[in-house]
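*Asks:* Below are the structure tokens for one structure; questions will follow.
Please treat every number below as a calculation from the coordinates, not as lab data. What you see is a predicted model; the values in this text were computed from it and never measured. Reconstructed Cβ throughout: ideal geometry from the backbone, glycine too, with neighbour counts over all protein chains shown.
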Amino acid sequence: MRGGLSAAVAAVVLAWPAVPVAETGAGTPQAFPRVEAPRDFGYHVGDPIPLTLVVETERGTAIDPDTLPRPGDAVGPFEIREVRSERSALGPAWVHRIHLVLQTFVPAAAGPVLTFPSLELGLAPQGGRAGDSQAAHRTVTLPSHPFVLSPTAVGPLEPRPMKGAVVPRPGWRLWGSVGAGALCLALGGARLARGLARRRARRPREEPSTPEPRALRTLRTLLARSLAHEEATPLLPLVASAVLRRRLGEACGVPARARTLQQLREDLAGHPLGPRVAETLARCNRIIYDGHRPTPPEKEALVREVAALIGRLERDGNPPPGSADAAR
């Protein structure tokens, strides 16, 4: 590993030019080219690689766009994906920056160092091109730039052969166990059904309970479970809020299930139980949404309050505002 890294670093040093070369005509001002990159290592196959070509010229000298690479061109082992040019003033000079986005699909195993070759760009007075007969033909050569790629995988090149299935094939022991288990389940189910039928036959006939008493029994069962097991606490306010909202909609004709707490306050503004109902639902919301951890007395008080409100709604119904019941 250390030998490979040393070889890559040595290749970068050897590939890097010692002095940028600028080609100019005799008696013309020089242009200073260089290459900039955020980093020149750590890229994998297919990564976008940013590279900036920088050329400093005298004012009034532009870069011939016909000599610039275009998206889709292949330059050495790289493909050009994006080209963007900009120019800024630096004292008496102009600084031209050509931002490139490169991409390569040469794997690092073929060679850890890939070099972006040097480019020769044409220079011409602003408004002219280097190919025009009236423009002074000048060129500038940018240095090459190496990139060290990171390998995407290490180890043998050939994949290891498949081991095959690791689960043993089912034999007579497995199927015998399955059959014995199925037989035990069938016998246990038949015995349970027979016991339930006998108990139902001995139980006196009772009238079916109304939905609300069943809901209150569910609330009391959830209360007992939440007092014994803390993880059952979130179910208690959920069921309490749902039962109270359903009974409120049946008694008052309000779509309480789809209403927010503020909307219910407005709908029940003239109802004698409106403030109590809103406060009870707010207590449920604090436990459900705000993360309040109720104490056992708070849980018992919540169930008693919901039961009392359901009883009042069944007894009083929806008295109109201003009536004797509303006055109470």
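*Asks:* Grab the Cα-Cα distance for Arg276 and Glu314, subtract it from 0.36 nm times how many residues apart they are, and report the gain in nm with one decimal. Provide the component values of the computation, followed by the final result.
*Replies:* Working: separation 38, 0.36 × 38 = 13.68 nm, distance 1.53 nm.
Contour length minus Cα-Cα distance gives 12.1 nm.
*Asks:* Taking the highest mean first, how do the peptides 290-296, 72-78 order by number of other beta carbon atoms within 10 angstrom per residue? Please report the intermediate quantities before stating the final value.
*Replies:* Working: 290-296: 10.4, 72-78: 14.1.
By packing density, highest mean first, the sequence is 72-78, 290-296.
*Asks:* Per-residue counts of other Cβ atoms within 10 Å, averaged by peptide: what ranking do you get for 85-97, 184-196, 47-59, highest first?
*Replies:* Numbers: 85-97: 12.9, 184-196: 10.0, 47-59: 16.9.
Ranking the peptides 85-97, 184-196, 47-59 by packing returns 47-59, 85-97, 184-196.
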